[in-house]
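Notes follow the structure.
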Amino acid sequence: MSKGAVLIVSWHFYPSPEVGAKRPSETAIHLARLGYDVTVLRARDREFAGRPDPDALDGLDIVSVVIPR
């Protein structure tokens, strides 16, 4: 049973290589492990189209929005 829902809006999120991606990614993973339903809305550069490792982000719903040029 879920403890509640959390929405995280982050410009950089895993698997982004940017330094700013680490903290929101770890926070989202931690909240999911605590039993929260976590949805992440993240920006995605056109050049960076990688998919996250599903095992690392189990329990997260990630929505990627392409950044217009």
Within the stretch 1-34, residues being outside any loop (DSSP other than H, G, I, E, B), open to solvent by 60 Å² or more (accessible area, probe 1.4 Å) and under 18 Å from Val65 (Cβ atoms) number 2
Log entry, pairs with first residue in the stretch 24-40 being closer than 15 Å to Val9 by Cβ and modelled with pLDDT under 90, second being open to solvent by 50 Å² or more (accessible area, probe 1.4 Å) and β-branched (Val, Ile, Thr), beta carbons closer than 6 Å, six or more apart or on different chains, reads none
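The values are calculated or read from the model by the stated rules, or taken from the named source; none is laboratory data. Keep in mind that this is a model prediction, so the values were computed, not measured. Note: ideal-geometry Cβ built from the backbone for every residue, glycine included; neighbour counts use all protein chains shown. Areas reflect the complete protein model, heavy atoms only, side chains present, ligands, DNA and RNA absent. Shrake-Rupley method; radii C 1.70, N 1.55, O 1.52, S 1.80 Å.
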